Amino acid sequence: MTQDTNCPMCDEARDSIVHVDCVTHRYADGTEGIHGMCFRVYPKEIVALCGPNGAGKSTLIEHLNGLMIPNVGRVSIFGKEIDRKNLVDIRRLVGLVFQNADAQLFSPTVIEDVMFGPLNQGMSPEESMKMAKWALDVVGMKETDKVPHYLSGGQKRLVAIAGILAMQPKILVADEPTGDLDPSNAKRIEEILRSLRDEHGISVVVALHDIDMAARLADRICIVKDGGILAEGKPRDILYDEKLLESAGLVLPTVARIFKSLGFDSGVDERPLSIDELITILSKNR
Ligand SMILES: Nc1ncnc2c1ncn2[C@@H]1O[C@H](COP(=O)(O)OP(=O)(O)OP(=O)(O)O)[C@@H](O)[C@H]1O
Ligand SMILES: [Mg+2]
């Protein structure tokens, strides 16, 4: 699906729907946010970006809908290279939920904010209203007439997510979407991201500091460090590799720590990624 690449590391990118091909991004002060970054997303998968502060996760993410344009390399979405002329089309395909929800909200009321995207895409006011109500219902946000800036941090984030869902993207990119959410809203967002993949066939890219959530949610983990991808693979491999995680300033997920400390770590396929999976294994071995 993607075009030819110059990069041997990107050889496996043929069936990808997002292809970040050896991208370097240099900020105005000369800092390289990412350097020679190669990254792919395949249909119907959830990819978690895990890495320490300043690793380059947000810089990578902001290239996926053309908010940032590479200094070196290129980014393609469904085989189409992002350039300044096709940003409108690209943003229909890729919805981005910012790390800072304040950056995303600007309308006088919550409902208008969520309607903005669909209206901008050419939907009628009636259709846009319907779509906005649906999206707000999905995230569980009831205060639809409130001024977005008077909402709590977590509520702002829910509205920002609704604003992206209302545009029905093919790929959803979320930068630390549960950062300031309480446990029940964080769980709700986790379930929404899972259902986007399972029920709507949407691919999700999510930057997460919550390694336990990454374990439960992701099909693939990319460890981001020093502006590049240090390692990537299945959660049952990557998230059980304590040395690798330590080298990126990360820790084992709680279930992995318990499982290993009980001396259970045998076959890769047996490794639990959630408390429920851990309980099942422990009760079998009782
Ligand atoms: N506007 C900017 N100007 C200069 N340097 C920047 C800018 N934004 C980010 N950087 C630098 O780019 C690098 C990558 O930052 P980025 O925000 O992508 O990291 P991150 O992995 O998202 O971190 P966090 O987990 O803290 O959100 C860091 O060294 C950061 O200081
Ligand atoms: Mg960030």
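Quick notes on this structure:
- For the range 227-272, a residue qualifies if it is in a loop (DSSP other than H, G, I, E, B), farther than 23 Å from residue 34 by Cα and touching a Lys or Arg at 6+ places or on another chain (Cβ under 6 Å), and the qualifying residues are 240, 271.
- Taken over the range 53-66, residues that are within 10 Å of ligand 2 (Cβ to nearest atom) and assigned to a loop (DSSP other than H, G, I, E, B) amount to 4.
- Selection within the range 78-120: residues that are basic (Lys, Arg) and assigned to a loop (DSSP other than H, G, I, E, B). The member of this set that is farthest from ligand 1 (Cβ to nearest atom) is 85.
- Of the residues making up the range 162-180, those that are more than 16 Å from ligand 1 (Cβ to nearest atom) and assigned to a loop (DSSP other than H, G, I, E, B) are 166, 167, 168, 169, 170.
- Cross-chain or 6+ apart pairs with Cβ under 6 Å, the range 108-128 first and at negative phi, then charged (D, E, K, R) and surrounded by 14 or more Cβ atoms within 10 Å (Cβ to Cβ): 110/146
- Answer residue from the range 67-91, given it is among the hydrophobic types (A, V, I, L, M, F, W, C), within 30 Å of residue 239 (Cβ to Cβ) and surrounded by 21 or more Cβ atoms within 10 Å (Cβ to Cβ) and is nearest to ligand 2 (Cβ to nearest atom) among those: 75
- In the range 147-168, the residues that are in contact (Cβ under 8 Å) with a residue 24 or more places away in the chain and closer than 12 Å to residue 117 by Cα form Cβ pairs under 8 Å with partners that are of a type in the set (S, T, N, Q) and not in a loop (DSSP other than H, G, I, E, B), at six or more places apart or across chains, as follows: 160/104; 163/104; 166/128.
- Looking only at the range 182-212, residues that are within 16 Å of ligand 2 (Cβ to nearest atom) and modelled with pLDDT under 90 come to 0 in all.
- Look at the range 195-220: where a residue is part of a helix (DSSP H, G or I) and a partner is among the small types (Gly, Ala, Ser), sitting 6+ places away or on another chain with Cβ atoms under 6 Å, you get 214/48; 216/274.
- Selection status of residue 215, within 15 Å of the chain's Cα centre (by Cα) and either under 18 Å from residue 40 (Cβ atoms) or modelled with pLDDT of 95 or more (or both): yes
- Count - residues of the range 109-126 that are at pLDDT 95 or above and of a type in the set (Gly, Ala, Ser): 1
For every residue, the table says whether it meets (1) crowded, with 24+ Cβ neighbours inside 10 Å; (2) among the aromatic types (Phe, Trp, Tyr).
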position: 22; (1), (2): no, no
position: 27; (1), (2): no, yes
position: 34; (1), (2): yes, no
position: 39; (1), (2): yes, yes
position: 43; (1), (2): no, no
position: 49; (1), (2): yes, no
position: 54; (1), (2): no, no
position: 60; (1), (2): yes, no
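- Residue list for the range 15-24, restricted to those being within 15 Å of ligand 1 (Cβ to nearest atom) and either in a loop (DSSP other than H, G, I, E, B) or under 24 Å from residue 211 (Cα atoms) (or both): 20
- Taking the range 25-52 as the range and being part of a loop (DSSP other than H, G, I, E, B), more than 16 Å from ligand 2 (Cβ to nearest atom) and touching a residue at least 40 places away in the same chain (Cβ under 8 Å) as the test, the residues that pass are 42, 43, 44, 45.
The values are calculated or read from the model by the stated rules, or taken from the named source; none is laboratory data. Quick caveat: nothing in here was measured; it's all calculated off a predicted structure. Backbone-built Cβ (ideal geometry, glycine too); neighbour counts: all protein chains shown.
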